[in-house]
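The values are calculated or read from the model by the stated rules, or taken from the named source; none is laboratory data. Here the structure is a predicted model, which means the values were calculated and not measured. In this analysis, Cβ positions are derived from the backbone assuming ideal geometry, glycine residues included, and neighbour counts consider all displayed protein chains. Keep in mind that these areas ignore ligands, DNA and RNA; they rest on the heavy atoms of the full protein, side chains included. Shrake-Rupley method; radii C 1.70, N 1.55, O 1.52, S 1.80 Å.
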Amino acid sequence: MKNKKQYAVIGLGRFGTSVAITLHKMGYEVLAIDSREERVQEFSDEVTHVVQADTTDEDTLSALGIRNFDVVVVAIGEDIQANILTTLQLKELGVPYIVTKAKNTLHGKMLEKMGADRVVYPERDMGQRVAHNLVSSNVMDYIELSPELGIVEVRVPKALVGKTLAETDLRAKFEINVVAIKREEVVIVPPLPSEKFTERDILVVVGGMKGIQRLEELA
Ligand code: ADP
């Protein structure tokens, strides 16, 4: 445990809670902070340490020894002012790696300018996933690499079952690449051109938006 990274998560809303509990389950030491007493009490069994504190206050942050943490996640959502002030104080205190949740692109740009090392957009990312899943219930997950490029995890379209990867010619037709095939408990990576799709396969595909969309729309 000693040489493992130490994490602090500020703001125990839905996003912060999920980050903190996951890190704790992975065996990391996690300090969780929230200004609301009831959140702190509810959380006392879930992570290594929980404290009640208003992180917009520099002295409070400093007293918590926040600069000794390797990574601090700012998960304050609704209160943009508190989110920005906290990020700024963390930067000034010299925290090595700051991850901050942004509400929108403008907010995100501001955080980047202030020196946040990573800006995350959980609502936007989830919105994209849900939209792709609405277009096709075959879509299980979607990750945007750039506005034009993504990775999608999709159930094999019926039209492809029984054909080999080479026969489907997805690279030429849709300009997409199948990087892995999940088959029951096995992950075939990278799949050979001779690999034949079976009914329950799940494909992990990288490619442009248009190609991915065409794959999603295949019945
Ligand atoms: P989510 O959308 O992820 O649920 P919320 O904005 O609802 O996020 O929750 C953010 C959490 O951050 C709340 O529990 C709130 O009490 C906490 N919070 C807000 N301002 C501060 C602050 N200045 N210092 C510490 N925690 C704060």
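Data overview
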read-out: Helices (runs of 4 or more DSSP H) contained in the stretch 1-99 and holding at least 3 residues among the polar types (S, T, N, Q); value: 14-25, 80-93
read-out: Among residues of the stretch 115-126, those that are assigned to a helix (DSSP H, G or I) and open to solvent by 40 Å² or more (accessible area, probe 1.4 Å), counted; value: 4
read-out: Within the stretch 35-52, tally of residues that are in contact with a strand residue (DSSP E or B) (Cβ under 8 Å, 6 or more places away or on another chain) and either more than 10 Å from the ligand (Cβ to nearest atom) or hydroxyl-bearing (S, T, Y) (or both); value: 7
read-out: Test: residue in the stretch 5-12 that is touching a residue at least 24 places away in the same chain (Cβ under 8 Å), in contact with a Ser or Thr (Cβ under 8 Å, 6 or more places away or on another chain), open to solvent by less than 20 Å² (accessible area, probe 1.4 Å) and over 20 Å from T100 (Cα atoms); value: no
read-out: Sole residue being buried (at least 17 other Cβ atoms within 10 Å of the Cβ) and more than 9 Å from the ligand (Cβ to nearest atom), chosen from A63, A75, A82, A32; value: A32
read-out: Residue ID - farthest from K103 (Cα to Cα), chosen from residues in the stretch 132-151 that are touching a Phe, Trp or Tyr at 6+ places or on another chain (Cβ under 9 Å) and modelled with pLDDT under 90; value: N133
read-out: Hits in the stretch 82-93 (condition: within 23 Å of the chain's Cα centre (by Cα) and of a type outside the set (A, V, I, L, M)); value: N83, T86, T87, K91
read-out: Hits in the stretch 10-29 - residues which are closer than 15 Å to F69 by Cα and near the ligand (Cβ under 10 Å from one of its atoms); value: I10
